[in-house]
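The values are calculated or read from the model by the stated rules, or taken from the named source; none is laboratory data. Just so it is clear, the structure is predicted and the values come from calculations on it, not from any experiment. Neighbour counts run over all protein chains shown; Cβ positions are idealised from the backbone, glycine included.
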C-alpha cells in the first residue's frame, strides 16, 4: 500500500509529537474509570450521606463529568496502567521497525520489562488487570485482578518483541499468559463444542471481544508450540462467538444469554474483527474468514462519516471517541491487504483523527460529542491508556501501513 507523501509526513509528525508528549508526561496518568474507583472506595456511610436531600458523592461524580481534569486533580492519584504499557511497547517496537531508531527498541523493552515486573499477584499463570476498583454488571472487580483483554494485549506486545529480538523470556511469558487463561479464568461451557472465557477470575460474564482475543492468542501460541489443546480451546471459543454473529454481520459485546441488547461500538467491533483476522491467519479456518468478511462489511458501512470521521456508535455522528479513532487506524491498517477499500479508509481516518483530535502539545483528546441542543463539546483530558497509548499504537500502525510499498 502506498500513500501520498503529505499524509505520510503528517502521520509521522503527529506520532513524534505524541511521543515527545509522553516522554514529558511519563507513564502515569488518569483513566476514564478512575473516578469510579474513588466512589467505590468511599465508606458506605459517606457514599450514601445526604445533605439537604442531596448526596455529595453524587455531586462530585456529576462535576467530574463536566470538569474531568479538575476533579481528578482533587480526588485521584495518577497511575501506570498495564494495558497502556503494553500498547506503548507494541507501538515503540513498530516505530523501531519503521523508523530504524534504536531508541524506540529500548523504550519497547523498557515498557515490556515493566509488565514482567508488575503482574497481577496470586495467579497460577501470568496476567494483568486495571490499577483501580471497577464495577460492571453488578460485580465488583478488585484492583489488579487479571483481566483477559488486558492480558491478551500484553501478550501481543510480548509475542511481537520475541519475534523481533528472539529473546526467550518474552516467549516464556506468553506461555505463562496462556496458563493464566486456562487456570485463572473460568471456562464457561455453552454447549459441548462451545465455550466462553470469563472476563476475570471473579465473574461469569459472556463477552465476545474478550472470548475472541483469548482464542486468537491461544491459537497463536498453540500453533507455534504444537499445542493442540490450545488450538482446540480456541476452536470451541470461536464456535460460541460465531454462533452469535448477527444477520447484519456484527457480533455484540455481550453474549445473548447474558444480555440481549446487541450493543456494539467502534472499538470493540474492531477488536473482534482483528481477532477473527488473526485467527484465520494462524489456523486457516474458513468459517472464521467468512465471519470476518461479513463483520467488516457491517463495520465499514456503519462506523464512518463521509469525511472519514470514526463514529463511536453505529450510524451516529453524535460521539467521536479517541479509542474508536485509534481502532479505525489499527483495524484498517491490518486489513488493508485483504479489503480493497481499507487503505482509503485508513488514510481518511488518520487525517481526520490528527486534524480534529490532537492538541498543539501533542496529546490526543478524549471525545467530541453532541449534547442536547446540538452543541459540540470537546473533552480534552489527556487519559494515558485510553487516549495516548492507544493512539501511539494506532499512529505507529498507520505509519507502517502508509509507508509499505
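Go through (1) surrounded by fewer than 15 Cβ atoms within 10 Å (Cβ to Cβ); (2) at pLDDT 95 or above; (3) under 25 Å from residue 83 (Cβ atoms) for residue 206 and report which single condition fails.
Evaluating residue 206 over (1) surrounded by fewer than 15 Cβ atoms within 10 Å (Cβ to Cβ); (2) at pLDDT 95 or above; (3) under 25 Å from residue 83 (Cβ atoms) leaves (1) as the failure.
Being over 30 Å from residue 63 (Cα atoms) and either touching a residue at least 24 places away in the same chain (Cβ under 8 Å) or surrounded by 20 or more Cβ atoms within 10 Å (Cβ to Cβ) (or both) is the requirement here; does residue 343 meet it?
In short, yes.
Looking only at the stretch 246-292, which residues are more than 19 Å from the chain's Cα centre (by Cα), assigned to a helix (DSSP H, G or I) and either touching a residue at least 40 places away in the same chain (Cβ under 8 Å) or more than 30 Å from residue 226 (Cα to Cα) (or both)?
Scanning the stretch 246-292 gives 282, 283, 287, 288, 291.
For the stretch 2-41, which residues satisfy the criterion of being modelled with pLDDT under 95, in a helix (DSSP H, G or I) and surrounded by fewer than 20 Cβ atoms within 10 Å (Cβ to Cβ)?
Result: 5, 6, 36, 39, 40, 41.
Given the criteria closer than 24 Å to residue 249 by Cα and either within 19 Å of the chain's Cα centre (by Cα) or at pLDDT below 95 (or both), does residue 317 qualify?
Yes: the conditions hold for residue 317.
Based on this model, can you work out whether residue 323 counts as at pLDDT 95 or above and under 22 Å from residue 249 (Cα atoms)?
For residue 323, the condition - at pLDDT 95 or above and under 22 Å from residue 249 (Cα atoms) - is met.
Checking the structure you have, find out if any residue of the stretch 114-134 is in a helix (DSSP H, G or I) and crowded, with 19+ Cβ neighbours inside 10 Å.
yes
If a residue must be touching a helix residue (DSSP H, G or I) at 6+ places or on another chain (Cβ under 8 Å) and more than 21 Å from residue 260 (Cα to Cα), how many such residues does the stretch 201-223 contain?
Residues that pass the stated criteria total 11.
Within the stretch 352-387, which residues are within 20 Å of residue 4 (Cα to Cα) and surrounded by 18 or more Cβ atoms within 10 Å (Cβ to Cβ)?
Those that are within 20 Å of residue 4 (Cα to Cα) and surrounded by 18 or more Cβ atoms within 10 Å (Cβ to Cβ): 352, 353, 354.
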